[in-house]
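Colleague: First, the structure itself, so that you have it in front of you.
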């Protein structure tokens with residue numbers, strides 16, 4: 001599903017090497033946690049996966065798509081296969097919960113009938129049934145993050161990248177979000193979660209990839225994480 005083979009990313013001589021010959025293989029339907037201090041290379045890794053950045057060297061293959069052969073015109077199609085959730089939600093403040101999620105379908109030309117059929121199902125997955133008409137400012141932080149997750153999965157991506165999705169949340173709302181990610185993973189979506197939250201990592205007992213100074217320092221199943 002995700003394959004990186006000796007991937008290096010160098011921005012400039014002044015900034016140095018962000019990633020240094022990283023190799024990583026993630027199977028379909030896996031749930032993988034990526035940890036590391038700020039500046040370790042996690043964000044660069046995610047930007048390479050979504051094709052916001054290109055590697056300086058090495059090979060990336062996602063869902064059978066070889067990034068070396070990917071044309072610019074095909075990047076939107078690639079991004080439909082990859083859902084992304086950010087720490088700061090990025091919701092449209094003037095749209096309701098329903099409209100925020102529906103918008104992700106509208107911009108790719110999905111019919112009104114299909115949107116009416118799909119959006120309620122996705123809101124049910126993220127436990128927001130009954131909140132369809134709420135505006136973002138009427139929601140808790142955890143609820144807003146779950147709207148963001150719904151928007152990211154409404155096009156049924158094969159991969160969901162969650163970049164520090166609990167970073168701004170209190171422990172209860174953080175766990176609400178993590179439980180939703182686990183549910184989505186059980187439905188068959190590959191989940192890649194980056195986090196600084198040692199408690200989340202240690203309770204989940206999933207595969208943990210640790211990045212230090214642009215390299216993979218460890219890659220272990222059922223791992224714990226000591227926050228530095």
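Colleague: Find all pairs meeting these conditions: Cβ atoms under 9 angstrom apart; at least six residues apart or on different chains; first residue within segment 72-88 and exposed (fewer than 15 other Cβ atoms within 10 Å of the Cβ); second residue part of a strand (DSSP E or B).
Modeller: Correct list of pairs: 74/65; 77/65.
Colleague: Could you grab the pairs with beta carbons closer than 6 Å, sequence gap of 6+ or different chains, first residue in segment 17-29 and without any contact (Cβ under 8 Å) to a residue 40 or more places away in the chain, second one surrounded by fewer than 19 Cβ atoms within 10 Å (Cβ to Cβ) and part of a strand (DSSP E or B)?
Modeller: The qualifying pairs are 25/3.
Colleague: I'd like the full set of residues that are part of a helix (DSSP H, G or I) and in contact with a strand residue (DSSP E or B) (Cβ under 9 Å, 6 or more places away or on another chain), limited to segment 198-228. Please lay out each step first, then the result.
Modeller: In the first step, residues of segment 198-228 are kept if they are part of a helix (DSSP H, G or I); the result is 198-204.
Result: 198, 200, 201, 204.
Colleague: Further, regarding this structure: For segment 72-102, give me each residue that is in a helix (DSSP H, G or I) and modelled with pLDDT of 95 or more.
Modeller: Once the filter is applied, which keeps residues that are in a helix (DSSP H, G or I) and modelled with pLDDT of 95 or more, segment 72-102 yields 97, 98, 99, 100, 101, 102.
Colleague: Enumerate the pairs (first residue in segment 186-203 and on the phi > 0 side of the Ramachandran plot and in contact (Cβ under 8 Å) with a residue 40 or more places away in the chain; second residue anywhere and surrounded by 14 or more Cβ atoms within 10 Å (Cβ to Cβ) and in a loop (DSSP other than H, G, I, E, B)) with beta-carbon separation below 9 Å, excluding pairs fewer than 6 apart on the same chain, so at least 6 apart or on different chains.
Modeller: From residues that are on the phi > 0 side of the Ramachandran plot and in contact (Cβ under 8 Å) with a residue 40 or more places away in the chain, the pairs are 188/29; 188/158.
Colleague: Let me spell it out: the conditions are (1) assigned to a strand (DSSP E or B); (2) over 22 Å from residue 197 (Cα atoms), and residue 33 meets all of them except one. Which number is the exception?
Modeller: (2)
Colleague: Turning to a different aspect of this structure: Pick from segment 140-188 the residues that are out of contact with any helix residue (DSSP H, G or I) (no Cβ under 7 Å at 6 or more places or on another chain) and assigned to a loop (DSSP other than H, G, I, E, B): which of them is farthest from residue 76 (Cα to Cα)?
Modeller: 170
The values are calculated or read from the model by the stated rules, or taken from the named source; none is laboratory data. Here the structure is a predicted model, which is why all the values come from computation and not from measurement. We place every Cβ from the backbone using ideal geometry, glycine too, and count neighbours over all the protein chains shown.
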